[in-house]
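**Student:** Below is the structure I would like to discuss, written out as structure tokens.
The values are calculated or read from the model by the stated rules, or taken from the named source; none is laboratory data. Note that the structure is predicted; figures quoted are calculated from it, not measured. All Cβ positions, even for glycine, are placed from backbone atoms using ideal geometry, and neighbour counts span all protein chains on display.
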Amino acid sequence: MATLPTDLTDLADVVIRAATKRGMTIATAESCTGGLISSCLTALSLGLPPAFLCGFITYCERSQNASCLAFRVDAIAEFGAVSDMVAAAMAEGALAHVRRRPGCFRDR
């Protein structure tokens, strides 16, 4: 297993602690990062209640559109795979998935 970048795990530590303190939870939607954000958030062993619920890693366009992150099929062609519009659509898709299935993510 590759070593995760310390600057990212340090930032993940801050994010997890802040979410836990506020009673918030985290879900991620990743593509080009290939799960790096989720890896950093789950690599920490803080002894805290789990703030990280789930991560969606949809590396190819087909999985982004056909899977739980369903968004406009033409968004990638129109705005580009690495764009604010597609990133926002992926985040909204992850959030919608979690909201549709709240029982799947109850662990507290």
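**Student:** Which residue is modelled with the highest pLDDT, if the candidates are limited to the range 68-79 and must be of a type in the set (Gly, Ala, Ser) and surrounded by 13 or more Cβ atoms within 10 Å (Cβ to Cβ)? I'd like the intermediate steps shown before the answer.
**Tutor:** From the range 68-79, those of a type in the set (Gly, Ala, Ser) are 70, 75, 77; that's our starting set.
The next check asks that each one be surrounded by 13 or more Cβ atoms within 10 Å (Cβ to Cβ); those that pass are 70, 75.
Values: Ala70: 68, Ala75: 79.
Step by step, filter the range 68-79, then rank; the result is Ala75.
**Student:** Filter the range 20-58 for residues that are at pLDDT below 90, among the hydrophobic types (A, V, I, L, M, F, W, C) and not in a strand (DSSP E or B) and give the result.
**Tutor:** Answer for the range 20-58, where residues must be at pLDDT below 90, among the hydrophobic types (A, V, I, L, M, F, W, C) and not in a strand (DSSP E or B): Met24, Cys32, Ala43, Leu44, Leu46, Leu48, Ala51.
**Student:** Sticking with this one: Restricting to the range 6-53, give me the number of residues that are acidic (Asp, Glu) and free of Cβ contacts under 8 Å to residues at least 12 places away in the same chain.
**Tutor:** Total satisfying the criteria: 2.
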